[in-house]
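Notes for the one structure printed next.
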Amino acid sequence: MFETLKPAPGDKILALIAAYREDTRPDKIDLGVGVYRDDKGATPVLRAVKEAEKRLWIEQDSKAYLGLLGDVGFNEAMVGLLFGATTVTERVRAVQAPGGSGALRILGELIARANKDATVWLSDPTWPNHGPVMINAGLKTKTYPYFDAASASVRFDAMVEALKQAGPGDVVLLHGCCHNPTGANLTIDQWQVLADLAVERGFLPFIDIAYQGFGDGLEEDAAGLRLMAGRVPEMLVAASCSKNFGLYRDRVGCAMLMGASAEQANASLSQLTSVTRGSYSMPPDHGAAAVRMILTDPALKAAWCKELDEMRNRMLSLRQGLADALRRGSNSDKYDFVAEHRGMFSLMGTTSDQVRRLREEFGIYMVDDGRINIAGLPEDRVEYFAKALLKVCGD
Ligand SMILES: Cc1ncc(COP(=O)(O)O)c(C=O)c1O
């Protein structure tokens with residue numbers, strides 16, 4: 001049977017990881033792979049997570065199935081973390097999912113069950129997995145303009161113009177914060193415009209939030225999502241704990257839906273658990289149980305918030321340092337956007353040829369589209385990176 005299969009195209013980021021690993025230059029820099037790195041270049045297990053895992057090891061007395069919803073305490077805590085204290089949560093239902101990707105996929109399948117002809121609008125550009133996940137869920141995709149390369153900011157007027165074409169059969173996927181790959185984000189006023197547009201046009205907002213706490217803070221990063229939730233009748237949210245809890249490989253995420261009424265939300269939830277039952281059945285427990293322990297224990301939560309602050313402040317200070325070095329080196333404000341962007345990523349505006357030169361001549365690894373992971377930049381290499389970038393860009 002398998003003779004019919006041709007090799008699938010390779011994943012560019014995985015190829016980049018392999019090339020970086022094989023590079024023997026001791027001073028190479030990895031700005032490609034999308035994981036947080038501390039000042040030692042490590043991606044450690046968070047202290048709050050270690051402590052929760054220790055308690056879990058002592059307290060957990062069974063590995064029996066938990067059920068289709070996963071850890072219900074985790075789901076409740078995640079709804080609180082995302083939506084804050086608001087009555088709309090009476091219409092919100094949640095299912096633990098294997099990572100943000102798993103949440104995106106099962107919500108995609110829920111959309112397909114509700115409307116098999118639905119189209120999901122994706123930002124141009126977006127996280128490369130959005131398209132495949134939605135298509136594999138049986139949906140069609142379209143794109144809306146998002147990023148202006150010349151100013152490295154959001155093309156908001158063009159985005160709104162495009163979304164005026166979206167209607168009741170459409171779903172608009174928005175990055176909750178820390179847009180991947182661009183680093184350029186919506187202001188709260190722009191969220192307001194989009195919420196009004198969703199109500200007027202009748203499209204369904206679908207918010208993917210994978211970096212809550214990495215931008216301006218836990219509450220600040222959820223502000224757009226909360227504004228939208230307060231305005232629209234229905235909404236979907238895919239949340240990931242991979243980055244803000246550092247639980248990448250444990251696969252922890254949460255799929256949330258807000259219905260027009262509690263009854264509709266309950267019916268949709270039963271369809272969502274029927275989706276999971278027909279695929280992986282139940283999500284993995286361990287990481288979600290650790291997150292539940294952290295979010296429901298005030299001391300552990302405070303410890304986690306402190307670690308999250310450390311991660312965010314490190315990225316903000318690297319952003320400022322790099323913007324300053326690029327300003328000095330180029331004698332221009334062309335790269336000031338680096339300090340204004342939020343989250344782990346920024347699109348630097350480099351061509352694939354310039355990215356290749358950075359790799360070959362300077363041992364600097366970046367994704368082909370010019371995306372950098374700011375957390376991958378060691379403090380003492382900021383100047384080196386800035387000089388190399390300006391050199392290959394001729395600035
Ligand atoms: C925008 C975005 N959404 C979702 C995810 C999914 O993360 P995971 O499935 O690892 O939780 C990522 C991960 O890089 C992401 O960048």
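Quick note: the coordinates plus some simple rules give every number you see, no bench work behind them. Since the model is a prediction, treat every value here as computed from it, not as a measurement. Reconstructed Cβ throughout: ideal geometry from the backbone, glycine too, with neighbour counts over all protein chains shown.
Can you sort 133, 382 so the residue with the fewest Cβ neighbours within 10 Å comes first?
Details: 133 23, 382 20.
With the sparsest Cβ surroundings first, the list reads 382, 133.
Placing +1 at every Lys and Arg Cβ and -1 at every Asp and Glu Cβ, with all other atoms neutral, what dipole size does the stretch 266-354 have around its Cα centre, in debye to the nearest 20?
Details: 11 positive and 10 negative charges, 20 e Å.
Rounded to the nearest 20 debye, it is 100 debye.
Which one, 17, 58, 374, has the greatest fluctuation when you compute a Gaussian network model over the chain with C-alpha springs under 10 angstrom?
58
I'd like the distance separating the alpha-carbon centroids of the stretch 335-395 and the stretch 241-273, in whole Å.
So the separation of the two Cα centres works out to 35 Å.
Can you give me the relative contact order of the stretch 65-296 as a percent, contacts being Cα pairs under 8 Å and 6 or more apart? Write down the numbers at each step before the final one.
Numbers: 455 pairs, mean separation 68.6, N = 232.
About 30 percent, as a whole number.
Ranked from highest to lowest mean number of other Cβ atoms within 10 Å per residue, what is the order of the peptides 68-76, 84-92? It would help to have the intermediate numbers written out before the result.
Values: 68-76: 20.2, 84-92: 14.3.
So the order, starting with the most tightly packed, is 68-76, 84-92.
How big is the charge dipole of the chain about its Cα centre, in debye rounded to the nearest 20, if each Lys and Arg gets +1 on its Cβ and each Asp and Glu gets -1 on its Cβ? All intermediate terms of the calculation are to be shown ahead of the outcome.
Details: 45 positive and 51 negative charges, 126 e Å.
Result for the chain is approximately 600 debye, rounded to the nearest 20.
Return the inverse of the average 1/r over all pairs of distinct C-alpha atoms in the stretch 214-328, which is the Kirkwood hydrodynamic radius, in Å to one decimal.
Values: mean 1/r = 0.0590 Å⁻¹.
Radius from the Kirkwood sum: 17.0 Å.
Can you put 120, 79 in order of Cβ neighbours within 10 angstrom, beginning with the fewest? Numbers along the way, then the final one.
Working: 120 25, 79 20.
Least to most surrounded, the residues fall as 79, 120.
Separation between the residue 220 and residue 395 pseudo-spin-labels, each 7 Å from Cα along Cα→Cβ, expressed in nm?
2.3
For the stretch 65-296, what is one quarter of the convex hull surface built on the Cα atoms, given in nm²? Please list the in-between numbers first.
Numbers: hull surface 45.4 nm².
Convex hull of Cα atoms, orientation-averaged projection: 11.4 nm².
Is the stretch 1-157 rounded, prolate or oblate when judged by the Cα gyration tensor, a ≥ b ≥ c being the square roots of its eigenvalues, rounded requiring a/c under 1.5 and prolate requiring a/b larger than b/c? Provide the component values of the computation, followed by the final result.
Numbers: a/c = 1.42, a/b = 1.08, b/c = 1.32.
Since a/c stays below 1.5, the shape of the stretch 1-157 is classed as rounded.
Hey, what's the Kirkwood Rh for the chain if you take every pair of different alpha carbons, in angstrom?
Values: mean 1/r = 0.0457 Å⁻¹.
Final number for the Kirkwood radius of the chain is 21.9 Å.
Which FRET efficiency value, to the nearest 0.05, do you get for residue 65 and residue 336 by plugging their Cβ-Cβ distance into 1/(1 + (r/R0)^6) with R0 = 56 Å? Kindly include the intermediate steps, with their values, before the conclusion.
Numbers: r = 53 Å, r/R0 = 0.95.
FRET efficiency, residue 65 to residue 336: 0.60.
Spin-label point model (7 Å from Cα, Cβ direction): what's the residue 8 to residue 160 distance in nm?
For residue 8 paired with residue 160, the spin-label model returns 4.0 nm.
What is the spin-label model distance, in nm, from residue 317 to residue 58 if the labels are put 7 Å beyond Cα along the C-beta direction?
Modelled inter-label distance: 3.3 nm.
Give me the percent of DSSP beta bridges within the chain that run antiparallel, rounded to the nearest 5. Could you put the intermediate results ahead of the total?
Details: 17 of 37 bridges.
So the antiparallel bridges amount to about 45 percent of the total.
Which residue, chosen from 180, 363, 330, occupies the Cα position most advanced towards the positive end of the dipole of the chain, where the dipole is computed from +1 (Lys, Arg) and -1 (Asp, Glu) charges on Cβ about the Cα centre?
363
Of 6/142; 40/391; 142/164; 6/116, which ones are farther than 22 Å apart at the Cα?
Values: 6/142 27 Å; 40/391 27 Å; 142/164 13 Å; 6/116 29 Å.
Checking Cα-Cα distances, 6/142; 40/391; 6/116 exceed 22 Å.
If you place +1 on the Cβ of every Lys and Arg and -1 on the Cβ of every Asp and Glu, how big does the dipole about the Cα centre of the stretch 186-253 come out, in debye to the nearest 20? Present the calculation step by step, with values, prior to reporting the outcome.
Numbers: 6 positive and 10 negative charges, 61 e Å.
Using Cβ point charges on Lys, Arg, Asp and Glu, the stretch 186-253 gives about 300 debye.
Working from Cα positions, state the angle (0 to 90°, nearest 10) between the long axis of helix 12-22 and the longest principal axis of the chain.
The two axes meet at around 50 degrees.
Using a Gaussian network model of the chain with C-alpha springs under 10 Å, which one of 265, 149, 288 is most mobile by mean-square fluctuation?
149
Set the Förster radius R0 to 25 Å, insert the Cβ-Cβ distance between residue 353 and residue 18 as r into 1/(1 + (r/R0)^6), and round the FRET efficiency to 0.05.
Details: r = 21 Å, r/R0 = 0.84.
Computed FRET efficiency for residue 353 and residue 18 comes out at 0.75.
For the stretch 266-395, place one equal point scatterer on every Cα, skip the solvent, and apply the Debye formula. What is log10 of I(q)/I(0) at q = 0.15, 0.16, 0.17 Å⁻¹?
-0.79, -0.82, -0.87
Taking +1 at the Cβ of each Lys and Arg and -1 at the Cβ of each Asp and Glu, which of 270, 288, 299 sits farthest along the dipole of the stretch 237-306 towards its positive end, judged by Cα position relative to the Cα centre?
With unit charges placed on the Cβ atoms, the residue in question is 299.
Can you give the FRET efficiency for residue 302 and residue 263, using 1/(1 + (r/R0)^6), R0 = 56 Å, r = Cβ-Cβ distance, to the nearest 0.05?
Values: r = 38 Å, r/R0 = 0.68.
That gives a FRET efficiency of 0.90.
Applying a 10 Å radius around every beta-carbon, put 202-211, 23-32, 361-370 in order of their mean neighbour count, most first. Walk me through the numbers before you get to the answer.
Numbers: 202-211: 23.7, 23-32: 15.2, 361-370: 19.5.
Highest-to-lowest ranking by the protection proxy: 202-211, 361-370, 23-32.
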